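To start, the structure under review is shown below, and the notes come after it.
The values are calculated or read from the model by the stated rules, or taken from the named source; none is laboratory data. Since this is a predicted model, take the numbers as computed values, not measurements. Reconstructed Cβ throughout: ideal geometry from the backbone, glycine too, with neighbour counts over all protein chains shown.
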Amino acid sequence: MGIEVRVGEADFDVGAEIVRLRRGRPEVGAVASFVGCVRDVNDGAAVSKLVLEHYPGMTEKALEDIGAEACRRWQVIDLLIVHRVGPLAPMDQIVLVVVTSGHRGEAFAACEFVMDYLKTRAPFWKRESTPEGERWVDARESDDQAAARW
């Protein structure tokens, strides 16, 4: 089982990442993935830019811990988390989670768990540019509720 975490400004190629995780792994029977993208509207306001900030080192550790917890709970073969930081525009990819497992149920559950925990426990800060100016994005109660079910 391997956990890989990458945090940076570079975009990612979803297909290439999945191919890389599956290469030479005949035990992989399922791949579940999630890609989060920048929306052009949030809380009723147009968004022209999103800036993601983080604490280097601390953020990667938090993501590794989330991945490790998913691997303890489900039969994961490999788990990848790629999270972008810096300035992003609507339609840009923000986050990629890929989970490989022997079975789909394990892969789906682990992937959803990682995203729910990432949204509530990873140290990222989002600042949006709107027609009214810049604003920090507050945590959503729905994200806390999603993480609480695990």
- Query: Yes or no: Val114 under 10 Å from the mean Cα position of the chain (by Cα) and either surrounded by 19 or more Cβ atoms within 10 Å (Cβ to Cβ) or closer than 10 Å to Ala32 by Cβ (or both)?
  - Reply: yes
- Item | Meets criteria (free of Cβ contacts under 8 Å to residues at least 60 places away in the same chain and part of a strand (DSSP E or B)) for Glu128 | no
- Message: Consider segment 41-76. How many of its residues are under 19 Å from Arg6 (Cα atoms), touching a residue at least 12 places away in the same chain (Cβ under 8 Å) and small (Gly, Ala, Ser)?
- Response: 4
- Item | Test: Phe108 is in a helix (DSSP H, G or I) and aromatic (Phe, Trp, Tyr) | yes
- In segment 28-51, which residues are in a strand (DSSP E or B) and either within 13 Å of the chain's Cα centre (by Cα) or of a type in the set (Lys, Arg) (or both)? Ala32, Ser33, Phe34, Val35, Gly36, Cys37, Lys49
- Pair list, Cβ < 8 Å and 6+ apart or interchain, from segment 77-94 residues that are among the polar types (S, T, N, Q) to residues that are assigned to a strand (DSSP E or B) and surrounded by 20 or more Cβ atoms within 10 Å (Cβ to Cβ): Gln93/Arg84
- Message: Can you go through Ile81, Ile94 and tell me which one is within 13 Å of Ile66 (Cα to Cα), part of a strand (DSSP E or B) and either modelled with pLDDT under 95 or not aromatic (Phe, Trp, Tyr) (or both)?
- Response: Ile81
- Give Arg104, Arg127, Arg135 a once-over and let me know the one that is loosely packed, with under 15 Cβ neighbours inside 10 Å, basic (Lys, Arg) and over 30 Å from Arg23 (Cβ atoms). Arg127
- Hits in segment 88-101 (condition: over 15 Å from Phe12 (Cβ atoms) and either surrounded by 14 or more Cβ atoms within 10 Å (Cβ to Cβ) or of a type in the set (Ser, Thr, Tyr) (or both)): Pro90, Val99, Thr100, Ser101
- Query: closer than 30 Å to Gly133 by Cβ and either assigned to a loop (DSSP other than H, G, I, E, B) or touching a helix residue (DSSP H, G or I) at 6+ places or on another chain (Cβ under 6 Å) (or both) - does that describe any residue in segment 64-75?
  - Reply: no
- Hits in segment 1-27 (condition: assigned to a loop (DSSP other than H, G, I, E, B), farther than 27 Å from Ala89 by Cα and not charged (D, E, K, R)): Met1, Gly24, Pro26
- Message: Just to be sure before I move on: is Ser142 among the hydroxyl-bearing types (Ser, Thr, Tyr) and in a strand (DSSP E or B) in the structure I sent?
- Response: no
- Query: Within segment 37-63, can you find the residues that are small (Gly, Ala, Ser) and surrounded by fewer than 16 Cβ atoms within 10 Å (Cβ to Cβ)?
  - Reply: Gly44, Ala45, Ala46, Ser48, Gly57
